[in-house]
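Inspection log for the structure reproduced underneath, given as structure tokens.
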Amino acid sequence: MMSKMLASSMKSAISAGRPALLPFQGAAASTLHPPRTTSRIVQLVPATRVRLEVTLPLFAHDNPHDRLQGLLHCGLGAYIADIQVGERKICVEFNLAHDDIDFAFHTLMAQLPEAMIGPVSKRH
């Protein structure tokens, strides 16, 4: 019964765009001790994802497989959403959390200085 009431209040808080009060949980939530009445405020903010397009040039002596392997193992591999390999370029689309943009830029500049960083746009 309590979980249904909590879920209902969370849904109404989310739809109204206001912070929700969650009951304190921890050692006081055990059956030996009565629950505390202390609440903490949790700001409900939807996670913002962004799309970053990067183009890697392919030169005559480059092997696309080696370039892709280097990209996948440079720390940004987990963020790759799409890869398109052309004759002279590799187009990579990254799906990043807004907080990870700084990390992505620094890693790209350090690991792949020849990469052309395209626009950052909101992910749909």
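Details
- Restricted to the range 96-119, and to residues there that are in a strand (DSSP E or B) and open to solvent by 70 Å² or more (accessible area, probe 1.4 Å), the residue that is modelled with the highest pLDDT is Met116.
- The strands (runs of 3 or more DSSP E) found entirely in the range 23-95 that carry 3 or more residues being more than 20 Å from Pro113 (Cβ to Cβ) and at pLDDT 85 or above are 49-57, 80-85.
The values are calculated or read from the model by the stated rules, or taken from the named source; none is laboratory data. What you see is a predicted model; the values in this text were computed from it and never measured. In this analysis, Cβ positions are derived from the backbone assuming ideal geometry, glycine residues included, and neighbour counts consider all displayed protein chains. The protein model used for the area step is the full one, side chains on, heavy atoms only, and it has no ligands, DNA or RNA in it. Shrake-Rupley method; radii C 1.70, N 1.55, O 1.52, S 1.80 Å.
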